[in-house]
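Peer 1: I'd like to ask you about the structure that follows.
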Amino acid sequence: MIKIEGTLQEIFDKIAIHLIKQNKQSYCDKTSNCAYRGDNGLMCAAGILIPDDEYKPEFERQTWHNLTKEGIVENKFSSEIRKLQIIHDNSHHSIWYDELIKFAKNHNLQINF
């Protein structure tokens, strides 16, 4: 099982900094879907939490919720991680910054990016 290390603040910081820095959606050209590991080495919000040596292509096309339900990843902050995954998957990268700020405010987190 993939362990999720850190507090919600630490997880949020890691994901937010990753998304802002990457500034591009991780997707697979073949399927045209968002991807934990996309083309050109890109990673989605939740994908950054999966160590390279534990990643499997079978994870693709599954939500974070499904991965936790199947016992593949630890069920720690799964709802919050899924919400961050949705920001990546369903929002254009030009509004990620604003969406991440809203998420931080809704979860009483600091904005460290």
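Peer 1: Dividing the convex hull volume of the alpha carbon atoms of segment 1-111 by its residue count, what do you get in Å³ per residue?
Peer 2: Dividing the Cα hull volume of segment 1-111 by its residue count gives 93 Å³.
Peer 1: Further, regarding this structure: Full-extension gain between residue 8 and residue 24, please, as 0.36 nm times their residue separation minus the C-alpha to C-alpha distance.
Peer 2: Separation in residues times 0.36 nm, less the Cα-Cα distance, equals 3.4 nm.
Peer 1: Further question: Put +1 on the Cβ of every Lys and Arg and -1 on every Asp and Glu Cβ in the chain; which of 1, 35, 96 then has its Cα farthest towards the positive end of the dipole?
Peer 2: Result: 96, furthest along the dipole toward the positive end.
Peer 1: Determine the alpha carbon to alpha carbon distance for each of 14/102; 14/83; 14/76; 56/102; 3/76 and list only those over 20 Å.
Peer 2: Check vs 20 Å cut-off fails for 56/102.
Peer 1: Taking loop as defined by DSSP and a crowding limit of 12 other beta carbons within 10 Å, which GluC sites (Glu not before Pro) in segment 1-78 fit? The partial results should precede the final answer.
Peer 2: Details: sites: 5, 10, 54, 58, 60, 70, 74; in loops: 5, 60, 70, 74.
Filter output for segment 1-78: 5, 70.
Peer 1: In addition: Among the trypsin sites (Lys or Arg not before Pro) in segment 30-113, which ones are in a DSSP loop with at most 13 other Cβ atoms within 10 Å of the Cβ? Mind listing them? The partial results should precede the final answer.
Peer 2: Numbers: sites: 30, 37, 61, 69, 76, 82, 83, 102, 105; in loops: 30, 61, 76.
Hits after loop and neighbour filter: 30, 61.
Peer 1: Take residue 93 and residue 53, extend 7 Å from each Cα along the Cα→Cβ direction, and tell me the distance between the two endpoints in nm.
Peer 2: 3.0
Peer 1: If you place +1 on the Cβ of every Lys and Arg, -1 on the Cβ of every Asp and Glu, and leave all else neutral, what size is the dipole of segment 8-106 about its Cα centre, to the nearest 20 Debye? Before the final figure, lay out each step's value.
Peer 2: Details: 13 positive and 15 negative charges, 56 e Å.
The dipole of segment 8-106 has a size of about 260 debye.
Peer 1: So what is the relative contact order for segment 28-74, in percent, with contacts set as C-alpha pairs under 8 Å and at least six apart?
Peer 2: RCO, segment 28-74: 27 percent.
Peer 1: What is the chain's relative contact order, in percent, from Cα pairs under 8 angstrom and six or more apart in sequence?
Peer 2: Relative contact order here is 30 percent.
Peer 1: Would you mind checking segment 28-52 for residues with the amide N under 18 Å from a putative spin-label position 7 Å along Cα→C-beta of residue 106?
Peer 2: Within reach of a label on residue 106: 45-46.
Peer 1: Based on alpha-carbon centroids, what's the gap between segment 9-47 and segment 65-113 in Å, whole number please?
Peer 2: Here the answer is 11 Å between Cα centres.
Peer 1: Would you order 31, 68 from fewest to most other beta-carbon atoms within 10 Å of each residue's own beta-carbon?
Peer 2: 31, 68
Laboratory data are not the source of any read-out in this text; all were calculated from the coordinates shown. Predicted model only: the values in this text are computed from it and were never measured. Methodologically, a virtual Cβ is constructed for each residue, glycine included, from the backbone with ideal geometry; neighbour enumeration extends over all protein chains shown.
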